[in-house]
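Notes follow once the structure below has been shown.
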There are 2 protein chains.
Amino acid sequence: MKYLVTGGAGFVGSSIVDRLVVKSHQVIVYDNLSTGNEMFLNHSKDKILFIKADLLDTKRLNEAMQGVDFVFHMAANADVKDNLKNPTKCLEQNTTGTSNVLEAMRVNGVKNIAFASTGSVYGEPDVFPTPEDCKFPIQTSMYAASKLASEGLLEAYSIGYGIRVFIFRFVSLMGERYTHGCVFDFYKKLLNNSKELYILGDGKQKKSYLYIQDCLDAMFLAIENSTEKINIINLGTEEYVEVNFIADTLCEELGLNNVKYVYSGGKRGWVGDSPFILLDIKKMKALGWKPTFTIEECIKRTITWLRENQWVLKERQ
Amino acid sequence: MKYLVTGGAGFVGSSIVDRLVVKSHQVIVYDNLSTGNEMFLNHSKDKILFIKADLLDTKRLNEAMQGVDFVFHMAANADVKDNLKNPTKCLEQNTTGTSNVLEAMRVNGVKNIAFASTGSVYGEPDVFPTPEDCKFPIQTSMYAASKLASEGLLEAYSIGYGIRVFIFRFVSLMGERYTHGCVFDFYKKLLNNSKELYILGDGKQKKSYLYIQDCLDAMFLAIENSTEKINIINLGTEEYVEVNFIADTLCEELGLNNVKYVYSGGKRGWVGDSPFILLDIKKMKALGWKPTFTIEECIKRTITWLRENQWVLKERQ
């Protein structure tokens with residue numbers, strides 16, 4: 001099979017690429033390297049075709065799509081917390097980007113796509129854990145709005161052109177190659193100043209995390225077992241932690257005592273942040289999957305990887 | 001107050017303009033005349049500022065937005081049934097268009113917007129009448145997907161920048177200046193051939209319609225009475241009719257007997273069509289509103305208007 005992985009040099013995308021390469025599939029990585037990193041593809045560079053290009057470059061995207069059987073569409077602007085500084089970036093990179101991917105698929109007759117959506121599309125739900133068919137949500141950030149818009153496009157393309165779609169609504173992912181988010185930010189800050197840690201919100205935001213390899217197990221299992229044209233699946237764990245717990249675990253792992261936490265205050269880390277994310281994962285579990293790592297183990301593995309790969313701290317300023 | 005009405009030369013937009021002019025407000029009409037018609041503004045042209053421009057022309061849009069207090073954002077590509085022929089048009093005109101409107105508002109400090117969304121965002125719901133907070137829908141057309149995407153942007157802008165938003169999810173509207181949809185198509189076809197009428201689907205699709213002036217009454221009432229930042233409101237009637245009933249009413253009004261109906265077949269009129277639309281209007285009724293015209297009366301008024309304004313048949317090919 002021939003696969004195209006958008007964002008294939010990123011955290012999730014490059015991890016997918018590894019699995020595809022092991023199975024001897026043909027793999028095209030399409031990435032603009034805005035947040036992705038070629039280092040993640042170094043060990044497999046002879047086995048893949050790497051195209052450095054943007055999703056807004058429809059000419060190159062259309063060319064890249066020729067003969068492809070399956071698209072993993074992982075490329076996105078994931079700058080959730082700073083989305084209000086550049087409000088149109090999410091729409092361009094995520095929604096228009098997804099539209100371009102779907103158009104390239106349509107033109108080239110590509111019939112399968114897996115898409116990285118987000119649990120943030122649920123906004124601030126009133127049911128926890130939140131199931132896929134919870135009530136019609138209200139969007140709280142440009143990021144979530146742009147992902148919901150992409151979901152709608154995927155569904156309309158599925159119904160309009162018979163494309164099989166997998167919409168995976170992730171919680172935050174962690175593990176090897178993680179370079180974006182709370183643990184990353186805290187780790188960097190503590191390296192610079194081990195006395196004090198600035199925490200957005202009141203530290204009591206409740207978040208759920210999933211280990212990258214658990215996530216990929218689920219994605220591949222769902223894809224293998226699907227009989228539906230439109231598949232919408234939550235991916236997370238059955239537990240959550242407070243942001244303070246992440247800070248505590250990090251301090252403990254780094255052997256730091258008496259770090260003073262300074263809070264920006266408020267229930268949310270930023271405007272549009274969800275104070276509580278916990279997804280209902282019954283649908284995925286019914287396929288025989290369950291997460292193998294706890295959030296605590298997941299945080300610890302992430303810290304271990306960051307300690308062994310300090311270069312990523314310099315790359316991502 | 002200073003109002004900007006996008007799509008202000010269209011069916012709904014120009015009807016809003018009339019109400020604003022009567023109340024002596026300053027009115028800017030922003031319309032690219034792709035489906036709108038200057039004829040609808042002829043009687044008020046000395047009282048408004050008309051700007052012929054596209055929503056994708058951000059320079060003119062930003063200029064037009066200066067000093068505006070309230071935006072009625074009615075401009076859209078409403079070509080629901082042919083959306084698969086040009087799948088990116090809805091995204092460009094509707095979603096990117098809405099993003100441009102919101103950006104122009106943000107830059108100019110405009111804090112209020114009413115938006116014409118659609119009951120089609122509910123896809124094929126399993127609850128009728130369908131309430132605003134029904135379960136998370138799956139999009140069935142590019143048109144609905146582009147409107148849902150716009151809703152998400154409005155919500156995110158509201159939360160991010162404190163803009164007050166009114167999202168009105170309409171059923172199909174009819175009445176004076178109606179120039180697009182089933183009655184229009186049937187009327188045109190019957191003028192050309194009074195023996196036979198080609199009907200998309202099996203004619204049993206159940207649709208709900210609202211009279212334009214009832215719709216405007218509701219919108220203005222909701223806007224006057226709102227205390228929320230984000231207002232999402234269904235607008236429809238408590239009844240529905242089958243497509244066959246529309247054809248029957250039209251034939252009766254035109255004095256045509258023995259018209260043979262020829263069906264394209266299938267439960268849906270086109271790929272992505274909703275076989276049943278009936279919105280729950282409790283929320284709007286709680287504000288003291290109710291529709292004054294039945295669907296039958298609404299169809300008849302529409303036919304009367306079309307008979308008296310045959311020029312629109314030539315304008316809209």
Using only Cα atoms, tell me the angle between helix A:97-108 and the longest principal axis of chain A; keep it within 0 to 90° and round to the nearest 10. 20
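Looking at the protein assembly as shown, send over the antiparallel percent of its DSSP beta bridges, to the nearest 5. Could you put the intermediate results ahead of the total?
Numbers: 5 of 83 bridges.
The antiparallel proportion sits near 5 percent.
Quick check: convex hull over the Cα atoms of segment A:126-278, volume per residue in Å³, rounded to an integer?
Values: hull volume 19.7 nm³, N = 153.
Normalising the Cα hull of segment A:126-278 by residue number yields 129 Å³.
Let's see if you can work this out: charge +1 on each Lys and Arg Cβ, -1 on each Asp and Glu Cβ, no other charges. What is the dipole magnitude of the protein assembly as shown about its Cα centre, in debye to the nearest 20?
Numbers: 74 positive and 76 negative charges, 125 e Å.
Value, rounded to 20: 600 debye.
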Please label the shape of segment A:121-183 as rounded, prolate or oblate, based on the square roots a ≥ b ≥ c of the eigenvalues of the alpha-carbon gyration tensor (a/c under 1.5 means rounded; beyond that, a/b larger than b/c means prolate, else oblate). oblate
Quick one: what Rg and Dmax do you get for segment A:62-138 from the alpha carbons, in Å? 15.3, 45
Straight-line reach check, residue B:204, cutoff 21 Å on alpha carbons, 8 or more apart in-chain or any other chain, hits among lysines -> B:81, B:188, B:189, B:195, B:260, B:267, B:300
Bins of 5 Å from zero: percent of alpha-carbon pairs in segment A:44-91: 4, 15, 20, 21, 16, 12, 8, 4
Where the Cα atoms of chain A are projected onto their three principal axes, how long is each span, largest first, in whole Å? 59, 45, 40
Could you name the lysines in cross-link range of residue B:23, using Cα to Cα under 20 Å and dropping any fewer than eight places away on the same chain? B:2, B:45, B:47
Within chain B, the percent of DSSP beta bridges that are antiparallel, given to the nearest 5, stands at 5
In the protein assembly as shown, with Lys and Arg counted as +1 and Asp and Glu as -1 at Cβ, which of these residues, B:277, B:258, A:36, has the Cα nearest the positive end of the dipole, that is, farthest along it? A:36
Placing the label point 7 Å from Cα along the Cα-to-Cβ direction, what are the distances from residue B:267 to the equivalent spots in the other copies, shortest first, in nm to one decimal? 4.0
Can you return the lysines within cross-link range of residue B:229? Criterion is Cα-Cα under 18 Å, with same-chain partners fewer than 8 residues away left out. B:111, B:283
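Find how much the distance from residue B:107 to residue B:258 grows on full extension, using 0.36 nm per residue of separation minus their present alpha carbon separation; answer in nm with one decimal. Can you show the working numbers first?
Numbers: separation 151, 0.36 × 151 = 54.36 nm, distance 5.91 nm.
Gain in length upon complete extension: 48.5 nm.
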Projected onto the charge dipole of segment B:1-106 (unit charges on the beta-carbon of Lys, Arg, Asp and Glu, signs +1, +1, -1, -1), the Cα from B:71, B:6, B:51 with the largest positive-side position is that of B:71
What would the Debye formula give as log10 I(q)/I(0) at q = 0.11, 0.13, 0.17, 0.18 Å⁻¹ for the alpha-carbon point model of segment B:12-153, no solvent? -0.45, -0.62, -1.00, -1.08
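Rounded, prolate or oblate: which fits segment B:1-61, taking a ≥ b ≥ c as square roots of the Cα gyration tensor eigenvalues, rounded meaning a/c under 1.5, else prolate when a/b beats b/c? Can you show the working numbers first?
Values: a/c = 1.98, a/b = 1.35, b/c = 1.47.
Oblate shape, in that a/c is at least 1.5 and b/c is the bigger or equal ratio.
Charges at C-beta only: +1 for Lys and Arg, -1 for Asp and Glu. How large is the resulting dipole of chain B about its Cα centre, in Debye rounded to 20?
Numbers: 37 positive and 38 negative charges, 64 e Å.
Magnitude of the dipole: close to 300 debye.
Taking a ≥ b ≥ c as the square roots of the eigenvalues of the Cα gyration tensor of segment B:243-317, is the shape rounded (a/c under 1.5), prolate (a/b larger than b/c) or oblate? Walk me through the numbers on the way to the answer.
On the way: a/c = 1.87, a/b = 1.28, b/c = 1.46.
Verdict is oblate for segment B:243-317.
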Choice from A:196, A:238, A:92 with maximal GNM fluctuation in chain A (Cα, 10 Å cutoff): A:196
Using alpha carbon centers only, segment A:44-84 is separated from segment B:227-254 by a whole-angstrom value of 43
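Kindly work out what percent of the DSSP beta bridges joining two residues of segment A:115-254 are antiparallel, to the nearest 5.
Antiparallel bridges: around 15 percent, rounded to the nearest 5.
I'm a student and want to see the number: the projected area of the Cα convex hull of segment A:204-276, averaged over all directions, in nm². Display every interim value, and only then the final one.
Numbers: hull surface 28.0 nm².
If I average the Cα hull's projected area over directions, I get 7.0 nm².
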Hey, in the GNM for chain A with a 10 angstrom Cα cutoff, which one of A:271, A:171, A:107 fluctuates hardest? A:107
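Could you list A:88, A:294 in order of exposure, starting from the residue whose Cβ has the fewest other Cβ atoms within 10 Å? Provide the component values of the computation, followed by the final result.
Values: A:88 18, A:294 15.
Fewest to most other Cβ atoms nearby, the residues stand as A:294, A:88.
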Can you tell which of A:171, B:174, B:94 lies farthest toward the positive end of the dipole of the protein assembly as shown, using +1 and -1 charges on the Cβ of basic and acidic side chains (Lys, Arg; Asp, Glu)? B:94
Order of B:187, B:261 - criterion: other Cβ atoms within 10 Å of each residue's Cβ, fewest first: B:261, B:187
If the only charges are +1 at each Lys and Arg Cβ and -1 at each Asp and Glu Cβ, what is the size of the charge dipole of segment A:1-70 around the Cα centre, to the nearest 20 debye? 160
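Taken together, the values in this text are just the output of simple stated rules run on the coordinates, not laboratory data. Since the model is a prediction, treat every value here as computed from it, not as a measurement. Methodologically, a virtual Cβ is constructed for each residue, glycine included, from the backbone with ideal geometry; neighbour enumeration extends over all protein chains shown.
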